[in-house]
Structure formats: structure tokens, C-alpha cells
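K.L.:
The structure is given below, and queries will be raised subsequently.
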Amino acid sequence: MSNQELNAARERVDSKLRYAYVMQADLRGMPRRGSDDERAHQEAFLFHLLGTRDALLQEMNVFYGLGLDRKSVSIGSIRDGLAAAGKSSGALTKLVAIESDSSSWLNCAKDMRNHATHRANVGRHFYQGGPKSGQASLRDTRTGKEIDKDYVDLHDDWLNKMGKLVTDLRTLM
């Protein structure tokens with residue numbers, strides 16, 4: 001592993017997170033009415049948020065010197081590469097624990113991203129009138145239940161948690 005390779009991998013992670021913030025800022029300024037532009041921004045937000053996680057896996061590949069082909073980097077291939085090298089990773093262990101926990105934010109966000117990319121739109125509920133007027137919530141793609149939070153606030157939570165996860169995983173590498 002060269003410092004140049006590791007720095008490039010880290011910059012990719014940071015760029016994906018930065019673009020999630022850009023999409024979130026755009027969404028924050030949009031009226032919640034269900035427009036195609038609004039939906040596209042939601043999907044782009046999810047793409048970049050989870051792209052941060054995907055880029056973290058690439059960073060792990062470089063950090064641990066596994067030499068995996070970029071196209072084959074996954075949690076499983078990193079786990080196998082580490083085992084073959086006689087290494088372990090607290091960062092990978094933590095990522096797997098969060099991602100596999102069906103009650104975690106990352107599990108929910110990943111499923112929403114995959115759902116929007118490969119299946120159908122993420123269900124939304126728009127409020128007009130009453131105390132939540134002007135707000136919109138998302139449906140959990142795993143359960144179909146409405147998430148009782150305006151989706152912009154939900155995205156803010158996920159962004160903060162992803163930023164903390166990046167910091168935590170880098171500390172564990």
C-alpha cells in the first residue's frame with residue numbers, strides 16, 4: 001500500500017459523503033410535493049450515502065493491502081482476503097455488525113437504496129394540513145411501515161451517522 005493509493009481511496013470516501021450532503025442540501029430547499037426532481041434527488045442522496053460505505057470497502061482493500069480487483073471488492077471478499085492473509089479487522093467487524101442489524105439505520109438506508117435502484121420507488125407520504133403540513137415521510141422498504149420522521153430530518157440523521165461511522169472505522173483500521 002502506498003500513501004498515494006490510500007489517500008486517493010480516502011478522498012473517494014470523503015467525496016461520496018460530500019455529495020450526499022449536496023443532495024441533502026438540495027432536498028432541504030425543495031417543497032415536499034412528490035415531484036420527479038425531488039425523487040431523483042432522494043435517490044441520488046441514497047446512492048451517495050451508500051456509495052460512502054462502498055468506497056470504505058475499497059479503502060479497506062487498499063489499507064490492508066489485499067490487492068482485490070476493484071470490481072470484486074465486497075464485505076465477503078475482504079473477509080476472505082483478510083483470512084487468507086492471517087489478518088483481522090475491527091473496522092470490518094463493526095461495519096458487518098451495523099449493516100446486518102435489521103434495526104440499524106445502515107440496514108434501512110441500504111435496503112432503500114437497493115429498492116430504489118433495482119425494484120421500485122421508495123414509498124412516501126405527504127402531509128397537507130395539520131401539525132405535519134408540508135412534511136413528507138418515507139416507508140421502510142423492508143416492512144412497508146411509515147417512518148415517523150420527515151425524510152429530510154431522517155437523511156440528516158443518516159448523514160451524521162455515516163460521518164461518525166467513517167471516523168470510527170478509520171480509527172479501527
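The values are calculated or read from the model by the stated rules, or taken from the named source; none is laboratory data. It should be emphasised that the depicted structure is a prediction, and the values quoted were computed from it without experimental measurement. Backbone-built Cβ (ideal geometry, glycine too); neighbour counts: all protein chains shown.
K.L.:
Among the residues that make up segment 15-31, is at least one of them at pLDDT 95 or above, surrounded by 13 or more Cβ atoms within 10 Å (Cβ to Cβ), touching a Ser or Thr at 6+ places or on another chain (Cβ under 6 Å) and under 16 Å from A55 (Cα atoms)?
P.N.:
Taking every residue of segment 15-31 in turn, at least one turns out to be at pLDDT 95 or above, surrounded by 13 or more Cβ atoms within 10 Å (Cβ to Cβ), touching a Ser or Thr at 6+ places or on another chain (Cβ under 6 Å) and under 16 Å from A55 (Cα atoms).
K.L.:
I'm told V62 meets every condition in (1) outside any loop (DSSP other than H, G, I, E, B); (2) out of contact with any helix residue (DSSP H, G or I) (no Cβ under 7 Å at 6 or more places or on another chain); (3) within 20 Å of R10 (Cβ to Cβ) except one. Can you identify the failing condition by its number?
P.N.:
(2)
K.L.:
Considering segment 10-48 alone, what residues qualify as being within 24 Å of K132 (Cβ to Cβ) and either touching a Leu at 6+ places or on another chain (Cβ under 7 Å) or free of Cβ contacts under 8 Å to residues at least 12 places away in the same chain (or both)?
P.N.:
Q24, A25, G29, M30, S35, D36, D37, E38, A40, H41, Q42, F45
K.L.:
Considering only residues of segment 93-116 that are in a helix (DSSP H, G or I) and of a type in the set (S, T, Y), which is farthest from L172 (Cα to Cα)?
P.N.:
If we take residues in segment 93-116 being in a helix (DSSP H, G or I) and of a type in the set (S, T, Y), then S100 is farthest from L172 (Cα to Cα).
K.L.:
Okay, moving on. Scan segment 117-140 and tell me whether some residue there is assigned to a helix (DSSP H, G or I) and over 22 Å from F63 (Cβ atoms). Full working, then the answer.
P.N.:
Residues of segment 117-140 that are assigned to a helix (DSSP H, G or I), as a first pass: 117-118.
From what's left, over 22 Å from F63 (Cβ atoms): 117-118.
Yes.
K.L.:
Need the failing condition index for D37 against (1) closer than 23 Å to R119 by Cβ; (2) more than 21 Å from the chain's Cα centre (by Cα), just the number.
P.N.:
(2)
Yes or no, residue by residue, for (1) touching a residue at least 60 places away in the same chain (Cβ under 8 Å); (2) surrounded by fewer than 14 Cβ atoms within 10 Å (Cβ to Cβ); (3) polar (S, T, N, Q); (4) closer than 19 Å to G34 by Cα:
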{"site": "A109", "(1), (2), (3), (4)": "yes, no, no, no"}
{"site": "R119", "(1), (2), (3), (4)": "no, yes, no, yes"}
{"site": "G134", "(1), (2), (3), (4)": "yes, yes, no, yes"}
{"site": "S137", "(1), (2), (3), (4)": "no, no, yes, yes"}
{"site": "D140", "(1), (2), (3), (4)": "no, no, no, yes"}
{"site": "T143", "(1), (2), (3), (4)": "no, yes, yes, no"}
{"site": "V152", "(1), (2), (3), (4)": "yes, no, no, yes"}
{"site": "L165", "(1), (2), (3), (4)": "yes, no, no, no"}
{"site": "D168", "(1), (2), (3), (4)": "yes, no, no, no"}
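K.L.:
If we keep just the residues of segment 62-95 that are crowded, with 18+ Cβ neighbours inside 10 Å and without any contact (Cβ under 8 Å) to a residue 24 or more places away in the chain, which is farthest from V22 (Cα to Cα)?
P.N.:
Of everything passing the filter in segment 62-95, G81 is farthest from V22 (Cα to Cα).
K.L.:
When residues of segment 78-92 are filtered for being part of a helix (DSSP H, G or I) and either out of contact with any Lys or Arg (no Cβ under 8 Å at 6 or more places or on another chain) or at pLDDT below 95 (or both), how many remain?
P.N.:
8
K.L.:
Would you please name the residue that is surrounded by the most Cβ atoms within 10 Å (Cβ to Cβ), looking only at residues in segment 32-59 that are assigned to a helix (DSSP H, G or I) and of a type in the set (D, E, K, R)? If you could, list the steps in order and put the result at the bottom.
P.N.:
Quick first cut of segment 32-59, residues assigned to a helix (DSSP H, G or I) only: 36-59.
Cutting the leftovers down to of a type in the set (D, E, K, R) gives us 36-39, 43, 53-54, 59.
On the way: D36: 7, D37: 11, E38: 18, R39: 14, E43: 17, R53: 23, D54: 17, E59: 25.
Filtering segment 32-59 for residues that are assigned to a helix (DSSP H, G or I) and of a type in the set (D, E, K, R), the one surrounded by the most Cβ atoms within 10 Å (Cβ to Cβ) comes out as E59.
K.L.:
Okay, next question. Just give me the residues in segment 154-163 being crowded, with 17+ Cβ neighbours inside 10 Å and free of Cβ contacts under 8 Å to residues at least 24 places away in the same chain, in sequence order.
P.N.:
L154
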